[in-house]
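The values are calculated or read from the model by the stated rules, or taken from the named source; none is laboratory data. All figures in this text were calculated on a predicted structure; none of them were measured in a lab. Here the Cβ is made from the backbone with ideal geometry for all residues, glycine too, and neighbour counts use every protein chain on show. Ligands, DNA and RNA are excluded from the accessible area calculation, which covers all protein heavy atoms including side chains. Shrake-Rupley method; radii C 1.70, N 1.55, O 1.52, S 1.80 Å.
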Amino acid sequence: MTMTHKLINQMIQLQELIVADMQKKAAMPKVRLEELENSISALAADLPQQIKTHFNRLVQKHPEAIVPVSSETCAGCGMGLTRSLVNAVHKAEQLHRCPNCARFLYYPEQLIARERTSRVYGEVRKTGIGRFTSPELMMASLKGTTPEEVLCEMCNHMAEENFVEDGGHLLDLAMQREAIVSTAVDNGLAFPHVRGVEGGGLTLMVGIHKKGVKFGGPGRTLTRIFFFMMIPTATSAFYLKLISGLSRIYREKEASNALLEAKTETDLWKALIKTTRKMIK
Ligand SMILES: [Zn+2]
């Protein structure tokens, strides 16, 4: 591994922690996550001064300071990159930044490839939560008894419905994200996700676990409502808003009960549309 590879890995790791911290704060604004904050400071302290300064400056502007090259474009801003820059990023003899948005660039080993997006070409423009999800992405009765089993059910469903090619790869990435810090928050909600998805918009899947499962939420709380998201890098800032919006809606018992009481996928879809109507335009 070259020095540059090491730096890139360090920045990606730091990035993951910073974003995990932002996600938790979006869902639970009052909670302080000391352990996570300490890890962030420790990892940042290890970066060379110049890189750290630039990294911090980028983080103030966007949630992501280091982004993958995806089909010869910067996954952060969508700008096309020259072949020679793409090659140089691949070789990783030194650090490179996007000439347009100045984010650090890296060459990903594997991105999640999509089969289709939730928006079908030629369809009437959708509104509200329907922009990100669809009736096929509802699961009214998850059965798994561990975080991995629950995520496996959701990832398999995503593959069965042809939203991704490889449900197993999606599961690996979702589990890696859970390993940083659980995406479970209070009020029985969790926001598992995979970032850096190639192409398309943000895709949201909703899964209900009637009995509840231990997913790493605060205290001994059980998680019952899962919002699983596939997030392209370009929509990273937006999904933090979506997390905080959904957390606010389903903090209310009446709204979360509406989802929990859904017997079928159709009921769940209707309850989701109804409860998000006011907040998500
Ligand atoms: Zn860029």
- Cysteines in the chain lacking a second Cys C-beta under 4.7 Å: Cys152, Cys155
- Label model pair Ala179, Leu33: point-to-point distance (7 angstrom along the Cα→beta-carbon line) in nm is 1.7
- Sequence of Arg248, Arg131, Arg177 when ordered by accessible area, the most exposed leading, probe 1.4 angstrom: Arg248, Arg131, Arg177
- Message: Ordering Lys214, Lys25 by accessible area with a probe of 1.4 Å, largest first, what comes out?
- Response: Lys214, Lys25
- Message: Heavy atoms of the protein only, probe of 1.4 Å, neighbouring chains included. What is the accessible area of Lys143 in Å², nearest 10?
- Response: 140
- Item | Environment charge of Arg195, counting only residues whose C-beta is closer than 12 Å and scoring Lys/Arg +1, Asp/Glu -1 | -2
- Message: If every alpha-carbon in the chain counts as one equal scatterer, what log10 I(q)/I(0) does Debye give at q = 0.11, 0.12, 0.15, 0.17 1/Å?
- Response: -0.65, -0.77, -1.17, -1.43
- Message: Taking the Cα of Thr53, stepping 7 Å toward and past its beta carbon, and measuring to each backbone N in region 72-102: which are under 19 Å?
- Response: 95-98, 102
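Provide the percentage of antiparallel DSSP beta bridges, counting only those with both residues in the chain; round to the nearest 5.
Antiparallel bridges make up about 60 percent of those DSSP assigns within the chain.
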- What does region 95-228 give for Rg and for Dmax, in Å, if only its C-alpha atoms count? 16.2, 51
- Near Asn9, within a Cβ-to-Cβ distance under 15 Å, what is the net charge of the other residues, with Lys and Arg +1 and Asp and Glu -1? -2
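Two decimals is fine: what's Rg over Rh for region 126-203, C-alpha atoms, Kirkwood radius as Rh?
Working: Rg = 12.8 Å, Rh = 13.5 Å.
With Rg and the Kirkwood Rh in hand, the quotient comes to 0.94.
So what is the accessible area of the chain per residue, in Å², with the probe set to 1.4 Å?
Each residue of the chain exposes 50 Å² on average to a 1.4 Å probe.
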- Would you mind telling me the share, in percent, of accessible area of the chain contributed by carbon and sulfur at probe 1.4 angstrom? 51
- Query: So how tilted is helix 147-160 from the main axis of the chain? Cα-based, degrees 0 to 90, rounded to 10.
  - Reply: 90
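Can you pull the Rg over Rh of region 2-159, Cα-only, Kirkwood?
Details: Rg = 18.9 Å, Rh = 18.6 Å.
Dividing the radius of gyration by the Kirkwood radius yields 1.02.
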- Message: Can you say what percent of the DSSP beta bridges in region 1-106, counting only those with both residues inside, are antiparallel? Round to 5.
- Response: 60
